[in-house]
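The values are calculated or read from the model by the stated rules, or taken from the named source; none is laboratory data. Since the structure is predicted, the reported quantities are computational estimates derived from the model, not experimental observations. Every residue, glycine among them, receives a Cβ derived from its backbone with ideal geometry; neighbour counts consider all protein chains shown.
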Amino acid sequence: MTTNQTQNKQHQQMPTTVADAELTPELRELYRGFEKEQLVPLWTEIGDLMPAHPQSKATAHLWRWDRLIKLADDSGRLVPVGRGGERRAIALANPSLGGRPYATPTLWAAIQYLMPGENAPEHRHTQHAFRFVVEGEGVWTVVNGDSIRMSRGDFLPQGGWNWHAHHNAATRPMAWIDGLDIPFSYYTESQFFEFGRHALSPSEMVTPEFSRSERLWRYPGLRPVSQQQDSPSSPLLAYRWVDTDRALNEQLALEAEGHAVTVSPGHAAVRYSNPTNGRDVLPTIRCEMHRLKSGASTLPRREVGSAVFQVFDGQGTVRVGDKEWQVRRGDMFAVPSWQTLTARCDAGSASLDLFRFADTPIFEAIHAHRAQVDAG
Ligand code: GTQ
Ligand code: FE2
């Protein structure tokens, strides 16, 4: 009997069941028969298979930015980037997921690094992806030939099956984080992948202030009349920090003026959304930015599905299940399914900004999403 089953039994106060029955020679023979014929009875597995609520295999875990950036830096000096390996990306591996490169059972989170002048070759895959920049600038990502600048605070979604490459046009190395649904695609055996061209054309190695996607889509509430087709992933390929920052500040300002527009007192949040339908930017990944005022806390909340956070700015205390950490800029942490999260901004910090991504759209699509907020 596994630990899960034991816990589950105690939790549900289940009566003695058929699984506890004495193992007579006939029963032993029956179980041998099951094994030989590749059969497993439900009654020995039900506690693990059908718990009363999600019991994640993943662990709440924190990765410190200073360690991540140091090892990415070292990789930059020691490991080349090119065709085959494709990306100098180092994945967060949840300590209880068997050493696999999975931050949570469904989500990939990695730090990626490019040296000055380096190129990450073009490819495409069905996995949905995004980039988020916690510090630095100088890398352009080229999606279907559209060159997109990346700077601190910028969020760049990139739906599955789009060609993409990255190039560092600056004189300094740059790091950023990637989020993808790689583990989900892996378990569900739904992946396709293709190599693209070896090098980008000179017309793509440009460094415009704004990508074509932004010139077309970055004006909220103004849809190009020629673009009426709903798109499953956002056609807007960069969400700029100046806009995100202003939107969060305005929520807090409106709250101070007496309007109930925040998630809870002192907690502003925005969700990056697809301008063609108002839904999530990616079919499988929800992405948000949260801002807590100095001294403010989120309400304790748990939900179906897992999430990964990166501290964008400020200092605070984060509690996930029975773990608690003091967090600061760049730190990343994983929140397993149905574990309660509370975040608080330190009184000595002007605010705490948390970038969040989660697999929620998957569960909403199959009507399996639940959330519980402890209003205190
Ligand atoms: O930049 O294209 O972290 O394909 C993992 C897979 C980044 C990317 C990752 C990828 C990429
Ligand atoms: Fe990729």
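I'd like to know if segment 205-220 contains one or more residues that are closer than 27 Å to I90 by Cα, within 26 Å of the chain's Cα centre (by Cα) and either within 11 Å of ligand 1 (Cβ to nearest atom) or not in a loop (DSSP other than H, G, I, E, B) (or both). Scanning segment 205-220 turns up no residue that is closer than 27 Å to I90 by Cα, within 26 Å of the chain's Cα centre (by Cα) and either within 11 Å of ligand 1 (Cβ to nearest atom) or not in a loop (DSSP other than H, G, I, E, B) (or both). Looking at segment 285-299, is at least one residue under 17 Å from the mean Cα position of the chain (by Cα), of a type in the set (G, A, S) and at negative phi? No, segment 285-299 has no match at all. If the condition is being within 16 Å of S306 (Cα to Cα) and either out of contact with any Ser or Thr (no Cβ under 7 Å at 6 or more places or on another chain) or modelled with pLDDT under 95 (or both), then segment 342-357 contributes L354, F355, R356, F357. Kindly establish whether S349 is in contact (Cβ under 8 Å) with a residue 60 or more places away in the chain, assigned to a loop (DSSP other than H, G, I, E, B), of a type outside the set (A, V, I, L, M, F, W, C) and farther than 21 Å from I111 by Cβ. For S349, the condition - in contact (Cβ under 8 Å) with a residue 60 or more places away in the chain, assigned to a loop (DSSP other than H, G, I, E, B), of a type outside the set (A, V, I, L, M, F, W, C) and farther than 21 Å from I111 by Cβ - is not met.
Residues of segment 171-201 that are farther than 29 Å from L97 by Cβ and modelled with pLDDT of 95 or more: T171, R172, P173, G196.
Selection of first residues in segment 105-127 that are touching a residue at least 12 places away in the same chain (Cβ under 8 Å) and assigned to a strand (DSSP E or B) and of second residues that are among the aromatic types (F, W, Y) and more than 8 Å from ligand 1 (Cβ to nearest atom), restricted to Cβ pairs under 6 Å at least 6 apart or on distinct chains, gives the following pairs, ordered by first then second residue: Q112/W176; E122/W163; H123/F195; R124/W161; R124/W163; H125/F193.
The residues in segment 74-96 that are touching a residue at least 60 places away in the same chain (Cβ under 8 Å) and either more than 16 Å from ligand 2 (Cβ to nearest atom) or exposed (fewer than 14 other Cβ atoms within 10 Å of the Cβ) (or both) can be counted, and the count is 4. One residue alone among G99, G159 is under 26 Å from V304 (Cβ atoms), modelled with pLDDT of 95 or more and within 14 Å of ligand 1 (Cβ to nearest atom), and that residue is G159.
Set side by side, the residues D154, D146, D74 differ, and just one is out of contact with any Phe, Trp or Tyr (no Cβ under 8 Å at 6 or more places or on another chain), among the charged types (D, E, K, R) and under 19 Å from L282 (Cα atoms), which is D146. Of the residues in segment 118-132, at least one is more than 15 Å from ligand 2 (Cβ to nearest atom), more than 22 Å from D66 (Cβ to Cβ) and not aliphatic (A, V, I, L, M). Pairs are defined by a Cβ separation below 6 Å, a sequence spacing of at least 6 or placement on different chains, a first member in segment 202-222 that is basic (K, R), and a second member that is surrounded by 12 or more Cβ atoms within 10 Å (Cβ to Cβ); the pairs so defined are R212/D146.
Scanning segment 135-166 for residues that are away from ligand 2 (no atom under 11 Å from the Cβ), out of contact with any strand residue (DSSP E or B) (no Cβ under 6 Å at 6 or more places or on another chain) and part of a loop (DSSP other than H, G, I, E, B) gives E135, N144, G145, R152, G153, D154, G159. Considered as a group, the residues in segment 188-228 that are under 17 Å from G160 (Cα atoms) and either away from ligand 2 (no atom under 15 Å from the Cβ) or aliphatic (A, V, I, L, M) (or both) include one that is surrounded by the most Cβ atoms within 10 Å (Cβ to Cβ), and that residue is S213. Assess whether F184 counts as being exposed (fewer than 15 other Cβ atoms within 10 Å of the Cβ) and among the hydrophobic types (A, V, I, L, M, F, W, C). It is false that F184 is exposed (fewer than 15 other Cβ atoms within 10 Å of the Cβ) and among the hydrophobic types (A, V, I, L, M, F, W, C). Of all residues in segment 102-109, none are aliphatic (A, V, I, L, M), within 21 Å of G160 (Cβ to Cβ) and within 11 Å of ligand 2 (Cβ to nearest atom). Scanning segment 69-92 for residues that are within 13 Å of ligand 1 (Cβ to nearest atom) and over 23 Å from A165 (Cβ atoms) yields one hit, L92.
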